[in-house]
1. Name every residue in the stretch B:57-67 that is within 32 Å of the chain's Cα centre (by Cα) and not in a loop (DSSP other than H, G, I, E, B), in order of residue number.
2. Among (1) more than 9 Å from every other protein chain (Cβ to nearest Cβ); (2) touching a residue at least 12 places away in the same chain (Cβ under 8 Å), where does A:Glu82 come up short?
3. Are any residues in the stretch B:123-144 within 30 Å of B:Gly194 (Cβ to Cβ) and either surrounded by 19 or more Cβ atoms within 10 Å (Cβ to Cβ) or of a type in the set (Gly, Ala, Ser) (or both), and if so, which ones?
4. Just the residues that are buried (at least 17 other Cβ atoms within 10 Å of the Cβ) and outside any helix (DSSP H, G or I), please, taken from the stretch B:223-247.
5. Which pairs have Cβ atoms under 7 Å, sit 6 or more apart or on different chains, and link a residue in the stretch B:32-44 that is under 19 Å from A:Thr151 (Cβ atoms) to one that is not in a helix (DSSP H, G or I)?
6. Taking the stretch B:37-48 on its own, how many of its residues are out of contact with any Asp or Glu (no Cβ under 9 Å at 6 or more places or on another chain), surrounded by 12 or more Cβ atoms within 10 Å (Cβ to Cβ) and at the interface with chain A (Cβ under 7 Å from one of its Cβ atoms)?
7. Exactly one condition in (1) assigned to a helix (DSSP H, G or I); (2) away from chain A (no Cβ under 11 Å); (3) within 27 Å of B:Asn84 (Cβ to Cβ) is false for B:Val257; which is it?
Amino acid sequence: MSATLDQYVGKRWRKPHFITSPGWRWGLIIASVIYLVLAFASVEINWSRVYRGLSRGWEFIVGFANPDFVSRWSDISSGMAESVVMTVASTVVGIALSIPVALGAARNIAPLPVYLVCRAIIALSRALNEIIVAIILVAILGFGPLAGFITLSFATIGFLAKLLAEDIEDMQKAQAEAVKATGAKWMQWVNYGVQPQVMPRLVGLSMYRLDINFRESAVLGLVGAGGIGATLNTAFDRYEFDSVAAILIIIIVSVMVLEYLSGIIRARMK
Amino acid sequence: MPIIEKSGVKAWQVRDRNSQLIRWAMWLLGTMAFVFSWKVISDNTQWAIMGNIGAVTMDIGGRAMPPRWSYMDQLWLPIWDTLNIATLGTLFALIMAVPVAFLAASNTTPSRLFVRPIALLIIVSTRSVNSLIWALLLVSIVGPGVFAGLIAISIRSIGFCAKLLYEAIEEIDETQVEAIRATGASGWQVMVYGIVPQILPAFAGIAVFRWDINIRESTVLGLVGAGGIGLQLQSSLNVLAWPQVSLILLVILLAVVIGEFVSAKVRGAII
């Protein structure tokens, strides 16, 4: 940037570009235009099918206007109970498993071999989509909430351990050192030097994960891993849009309530 | 400072009696909830078939193990479809999320009382329903195919993008906006020169972040018939063609890793 004021005086001001190098800018613009043309050309839309489906879409909107909680209530309530149960159990187990993994994945606490193993566990858990894990587990364990429970617990590790490990790596050394200077053993050191520093974050993340696990448990049923998703799938298959609407409303309201509660708890922990 | 006397000796404790009791009660409740949940799961599980679980795993693993590489020829088109669902879906979502975000941010919304709650409702309701459920719904409305997946991904992403974007808008530096306004700029000019430059890096970051997530989600949309590589996964699973399943899973894993790598690089370059 060797531009001086003299170069600018008398010229009209122009907004600086977001990407400064012109080569990159034009290259990106041309590449994205080519990509978009190709992509749009390859998306096939069967407009007559869409047109025929519109009446069904309208039925769905009508269903949302007067949802039917009653006629499938026993299916809905049992599916919902299963979802809640899966959420609670998998969140608890997931947290219990992620704490040791998080301790191992924090470079300032763990030796290198442990660090690498724990980071590998986290990377694996994050790379595998919940639905895919659920499909594999359903193939092995059979239908039912056990597959969903294991899936969610496994997915919790990748999320919670990664963020917790980052928090442990950011902790203040002085406090931990002070505890160590009293002659504390390793467990005592973690308990009194490290844990109090990361506890608010751990509680916040756990609440957040509870929230996510509930949402995910709602779809695991689509592949046979238990929960409200199975009920939802059946309702879709029967084109009972009023029951579908009822289930969706229950899911949305539960998620909102959970989010609100976890927001309160997280705010109080700070 | 909670200090208790134990046989004449003063001892320090972390907590006093009341908070200790409250904590104990909370732990009890939590443990009860967990044990009950586990009991329900356990009751719904056929433990009898768990005995030969190792054998089943080995069996499936053994059948899946040499992935059928020749099947790759049939996977290129689904991969292209998956990429399109993720990219175009993100694009449409951003187009719809920007106005919603401006309506939802408390410093740019035209009316806090009427418009903002509606915008927030759009954000919450699109965000709390998973994209697979949206896909299920859209497949039954517009028919199976890439189009349903594309719309499902874009609807699901509106709430996510709009939420992050409106939080970014609310955190802008008001003095810059005021400076632009002081030059006599119109409302749109204030928007373009005062607000947009401040949120542009956040916007780009959100776009790439969501694109990364959408790559993951679009790989499984096919399970409900909404196009992409998930369709091949579903049909391979249905005929128990495990070598094909393992190949597809490898491709998906690779796609997810590449997506995450690209998004990390781009975000690193922007921020």
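The values are calculated or read from the model by the stated rules, or taken from the named source; none is laboratory data. Values in this document were obtained by computation on a predicted structure and should not be read as measured data. When we count neighbours, we look across all protein chains shown, and the Cβ atoms used for this are built from the backbone with ideal geometry, even at glycine.
1. Across the stretch B:57-67, the qualifying residues are B:Thr57, B:Ile60, B:Gly61, B:Ala64.
2. That leaves (1) as the condition not met.
3. Step one: filter the stretch B:123-144 for residues within 30 Å of B:Gly194 (Cβ to Cβ), giving B:123-124, B:126-127.
Listed by number, the residues that qualify are B:Ile123, B:Thr126, B:Arg127.
4. B:Gly225, B:Ala226, B:Gly227, B:Gly228, B:Ala241
5. Matching pairs, first to second residue: B:Asn44/A:Gly144.
6. We begin by selecting, within the stretch B:37-48, every residue out of contact with any Asp or Glu (no Cβ under 9 Å at 6 or more places or on another chain); these are B:37-39, B:42-43, B:45-48.
Then keep just the ones that are surrounded by 12 or more Cβ atoms within 10 Å (Cβ to Cβ); that gives B:37-39, B:42, B:45.
Okay, now just the ones that are also at the interface with chain A (Cβ under 7 Å from one of its Cβ atoms), so B:37-38, B:45.
Residues meeting the conditions: 3.
7. (2)
Conditions (1) farther than 19 Å from A:Ser217 by Cα; (2) touching a Cys at 6+ places or on another chain (Cβ under 9 Å); (3) within 13 Å of chain B (Cβ to nearest Cβ); (4) surrounded by 20 or more Cβ atoms within 10 Å (Cβ to Cβ), marked per residue:
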{"site": "A:Thr231", "(1), (2), (3), (4)": "no, no, yes, yes"}
{"site": "A:Tyr239", "(1), (2), (3), (4)": "yes, no, yes, no"}
{"site": "A:Ala246", "(1), (2), (3), (4)": "no, no, no, yes"}
{"site": "A:Ala267", "(1), (2), (3), (4)": "yes, no, no, no"}
